[in-house]
Amino acid sequence: MNPKAIGYALISVVAFAIMNVSVKFLPHISFIELVWFRSVISLMITVTYLRSLKISVWGRMENRKLLYMRGVFGVTALSLFFYTLQKMPLATAITLQYLSPIFTAIFAILFLGERVRRIQWLWFAVAFSGILVVRGSAEGVTWGLFFAGLASAALAGAAYTVISKLKNREHPVVVVFYFPLVAIPVMSIFLPSIWQMPIGWDWLFILLMGVSTQFGQVYLTKAYQAEEASRVAIFKYLGIVFGLGFDLFLFQVHHTLGTLLGIALVIVGVVLQIVQKKSV
């Protein structure tokens with residue numbers, strides 16, 4: 001594998017791990033407010049970067065519908081993910097979110113006409129069985145939280161499917177721009193009723209959340225541009241390892257053997273599906 005792609009992928013994994021921990025340290029601030037702050041930071045960084053390259057932030061007219069769809073799917077997915085991060089153990093929330101490649105594959109089969117081998121359906125089943133094991137074993141995972149996590153993964157999968165249709169049609173940072181473009185006005189509607197003024201260390205975690213997310217997105221995009229997507233996607237699952245470590249050492253969460261088994265099944269199912277997809 002391309003060493004540069006490995007470096008980019010690892011940087012993105014670390015960046016997203018910092019984002020996850022930052023959100024976890026802000027349980028007293030609504031996920032809606034956190035998405036708003038994250039979007040404001042992303043907007044400032046994205047617009048500054050695109051202007052420095054003299055690239056229009058709006059993209060091509062013929063791609064606007066897809067760009068807005070990516071924004072809507074991405075905003076809803078991240079909002080649900082932040083909600084589950086605040087309510088569930090870190091590794092459990094991440095595991096649910098990391099089902100997104102399964103949904104991406106299913107949407108690609110249904111809407112993009114991609115081929116699928118029969119054995120891929122077996123790996124889909126393994127991953128979803130792992131999620132059911134996690135639901136039955138993990139503490140504090142209600143059915144409501146469980147389906148919120150699944151919905152987040154499905155919407156993230158939809159967003160990635162749209163992004164795949166925009167490949168080579170728009171600059172990656174233009175695609176990123178449509179996230180805050182959708183998120184800021186939508187989240188602003190709810191802000192007056194849920195606003196909690198951050199104090200002290202809250203500001204540091206909010207800044208880390210916004211900046212790390214931007215770095216994660218940029219370097220993940222670079223990794224995908226430098227290497228085959230199937231190889232890069234596997235590195236993403238190091239994030240679950242980080243989540244387990246943070247749960248243990250930062251939040252004193254001890255996962256049961258059943259939960260660990262479920263997480264392992266999800267990783268095996270998703271990774272083997274990605275590997276199998278490469279050979280189709």
**OP:** Say whether the condition of being among the hydrophobic types (A, V, I, L, M, F, W, C), touching a residue at least 60 places away in the same chain (Cβ under 8 Å) and over 22 Å from L150 (Cβ atoms) is met by at least one residue in segment 61-74.
**Re:** yes
**OP:** Sort through F16, F37 and tell me the only one that's part of a helix (DSSP H, G or I), surrounded by 19 or more Cβ atoms within 10 Å (Cβ to Cβ) and either without any contact (Cβ under 8 Å) to a residue 60 or more places away in the chain or over 16 Å from the mean Cα position of the chain (by Cα) (or both).
**Re:** F37
**OP:** Return only the number of the condition from (1) in a helix (DSSP H, G or I); (2) free of Cβ contacts under 8 Å to residues at least 24 places away in the same chain that N168 does not satisfy.
**Re:** (1)
Original post:
Restricting attention to segment 117-140, does a residue exist that is among the charged types (D, E, K, R), outside any helix (DSSP H, G or I) and at negative phi?
Top reply: yes
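To keep it simple, each residue is scored yes or no on (1) modelled with pLDDT of 80 or more; (2) more than 25 Å from T46 (Cα to Cα); (3) buried (at least 22 other Cβ atoms within 10 Å of the Cβ).
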{"residue": "A156", "(1), (2), (3)": "yes, no, yes"}
{"residue": "R169", "(1), (2), (3)": "yes, no, no"}
{"residue": "P172", "(1), (2), (3)": "yes, no, no"}
{"residue": "L250", "(1), (2), (3)": "yes, yes, no"}
**OP:** Could you run through segment 100-116 and say how many residues are assigned to a helix (DSSP H, G or I) and crowded, with 16+ Cβ neighbours inside 10 Å?
**Re:** 9
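The values are calculated or read from the model by the stated rules, or taken from the named source; none is laboratory data. From a predicted model like this one, the values you see are computed outputs, not experimental measurements. Glycine gets a Cβ as well: all are built from the backbone with ideal geometry, and neighbour counts include every protein chain shown.
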